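Report on one structure; see the data block that follows.
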Amino acid sequence: CPVTPSLPFPGRRCERVMAASKPVEAAAAGGGGSGTGLSRWQLALMLGAPILLGAGAIYLWGQRAGRRGAKGASERKTPEGRASPGPCGGGGSGGQPDGPGHEEMSPLDRAQAAKNKGNKYFKAGKYEQAIQCYTEAISLCPPEKNLDLSTFYQNRAAAYEQLQKWTEVAQDCTKAVELNPKYVKALFRRAKAHEKLDNKKECLEDVTAVCILEAFQNQQSMLLADKVLKLLGKEKAKEKYKNREPLMPSPQFIKSYFSSFTDDIISQPLHKGEKSDEDKDKEGEASEVKENSGYLRAKQYMEEENYDKIISESTKEIEAKGKYMAEALLLRATFYLLIGNANAAKPDLDQVISMEDANVKLRANALIKRGSMYMQQQQPVLSTQDFNMAADIDPQNADVYHHRGQLKILLDQIEEAVEDFDECIRLRPDSALAQAQKCFALYRQAYTESNPLPVQVAMKGFEDVIKKFPKCAEGYALYAQALTDQQQFGKADEMYDKCIDLEPDNATTYVHKGLLQLQWKQDLDKGLELISKAIEIDNKCDFAYETMGTIEVQRGNLDKAIEMFNKAINLAKSEMEMAHLYSLCDAAYAQTEVAKKYGLKPPTL
């Protein structure tokens, strides 16, 4: 039983997807959550240093941020300084009206009095008058009084903000920051103005500086960072994905993908009747097909792992309206999905699903793949409809329940997921994969609810699965995830070793084992060595490049991190995945810009 990529996120091994910290709807909204396994948010917690990660690339600051609690969201709304009565230009430091001693007041005292009067107008909602007072304070303030002058500009920016004059806000905050480069209030207010002006890059740089200065403790600035990173990521991914060159995944990935199906006709070997007499008895050798069929030639190329020719041969069958037209449509759609071309895959899947006279297994498989595609596009309602239709037309198809179970986990519907895995196991008692994933679903539910007894039951379930199916790499991998959560690092390491023994060419196992070394022994060199091994095994493993980039961010090697993220972007199998990777890359780039401008760097490993 190989470790398989899990639909609905082709290209990601099962536990990587199932360990997501939030169901799909919540993940789309951003933020962290409780989960299991080495998900992205846990990687940040594990390393205990600032990182730009998460469902929306949210900024995290180790475990300390969550425990100390975020500051309130309202603390930057008011200007600085006391609000006291008195006209803008008069009074002493208390802001009282002009008196006989007015001539003796210093220019700075007069400026402070004007500011204090401006604060009174601000709190009364009289923003135009407040602006006049702050302008007078600026004109009165001695130019060498940088901190005071920066405060006056920042206060005037706060008044402009209330009037939604975003250009003026940005200009005044820029003056404040020039005078006081680490002025958090001015940086954050300018970030918000840049957001309103649709200057996303500038907004990200400012809010990154704020997050570093605040030690990633303020929820308001962290959420703005998350928001702009997601917007930037989506914009860049939409353009990049539209113009990307199709890229065939590695042979190991493709074989793992097909191994997650048991009732998929197109992934079955050529039947003897489809081979020439000369080749019928040649085991392990490439087969020649009797018929002049594009589909059968495509199947032959599959056996030879000559995947680049499959789409073109399938197209020949379709254009000829051959006897295997339905199979060819499904095969072509599957490889379109594998190369990340969902737009090309959908019409083929739609056509197969609509063929009422086609083999029901083909139609059900097409529904599973279209439903998985919808889930990848974060359309859970359409996805659920397709899986339910597949169950209606082919209720004895174990694949339907297996993949729908994974969908239910992503939707945080654990009880329904377990029911689907149970049905899959009833139909195929030898389905080690379904049994391992059922254990993981039960474990995740118990772990999230902090319920010790069900956690123990789930852990015992893992032991039973690997004992019953000792050649199921997925069972060991999922068990290793749970053991890591339970801080049983040594045993988790043993489970990953068993995975590697069973599947020495599975790159993702090396990545997970590398992450374990960081969490367990803080052995950075060993962790990087294992992740580098993953890239050596499969230079198309986007997970390895992404993880390497994340670690390089932690180490402060931002240029190297950006290089790794860009490699992962070029390998991304979906627009959504590409958007996430762009968010990570943009976050790293923003840190480089902040370091250049303000000399600010977060602590590193």
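Leaving out ligands and nucleic acids, note down the accessible area per residue over the range 306-361 with a 1.4 angstrom probe, in whole Å².
44 Å²
If Lys and Arg each add +1 and Asp and Glu each add -1, what is the summed charge of the other residues whose beta carbon sits under 12 Å from the beta carbon of Ala364?
Computed value for this residue: -1.
I need the calculated FRET efficiency for the pair Arg426 and Asn359, taking r as the beta carbon distance and R₀ as 22 Å, to the nearest 0.05.
Once the sixth-power term is evaluated, E becomes 0.45.
Using a Förster distance of 60 angstrom, determine the FRET efficiency expected from the C-beta separation of Asp350 and Gln486, and round it to 0.05.
Efficiency at R0 = 60 Å is approximately 0.85.
Under a cut-off of 23 Å between alpha-carbon atoms, report the lysines in cross-link reach of Lys316, not counting same-chain residues fewer than 8 places apart.
Partners found: Lys272, Lys275, Lys290, Lys299, Lys346, Lys361, Lys369.
What's the ranking of 449-458, 426-435 by average number of surrounding C-beta atoms within 10 Å, highest first?
My ranking of the peptides, most packed first, is 426-435, 449-458.
Kindly report the accessible area of the range 540-599 per residue (heavy atoms of protein chains, probe 1.4 Å, no ligands, DNA or RNA), in Å².
30 Å²
Under the √(5λ) rule applied to the eigenvalues of the Cα gyration tensor, what semi-axes describe the equivalent ellipsoid of the range 107-242? Give them in Å, descending.
31, 15, 12
Please give the FRET efficiency for Lys145 paired with Thr604, using the beta carbon to beta carbon distance and R0 = 30 Å, rounded to the nearest 0.05.
The calculated FRET efficiency here is 0.25.
Would you mind working out the accessible area per residue for the range 107-242, using a 1.4 Å probe, and quoting it in Å²?
42 Å²
Figure the gain on full extension for Lys596 and Lys309 (residue separation times 0.36 nm, minus the Cα-Cα span) and round it to one decimal in nm.
Gain on stretching Lys596 to Lys309: 98.5 nm.
Determine which aspartates and glutamates satisfy two conditions relative to Lys165: a Cα distance under 12 Å, and not lying fewer than 8 residues away in the same chain.
Here the aspartates and glutamates satisfying the reach criterion relative to Lys165 are Glu128.
Can you return the aspartates and glutamates within cross-link range of Lys321? Criterion is Cα-Cα under 18 Å, with same-chain partners fewer than 8 residues away left out.
In chain and number order, the partners are Glu291, Glu313, Asp348, Asp350, Glu356, Asp357.
How large a share of the accessible area of the range 107-242, in percent, is made up of carbon and sulfur atoms when the probe is 1.4 Å and the other protein chains stay in place?
It is 48 percent, rounded to a whole number.
The values are calculated or read from the model by the stated rules, or taken from the named source; none is laboratory data. What you see is a predicted model, and the numbers here were worked out from it, not measured in a lab. Heads up, the Cβs are rebuilt from the backbone with ideal geometry, glycines too, and the neighbour counts pull from every protein chain shown. Protein only, heavy atoms only, side chains kept; ligands, DNA and RNA dropped before computing areas. Shrake-Rupley method; radii C 1.70, N 1.55, O 1.52, S 1.80 Å.
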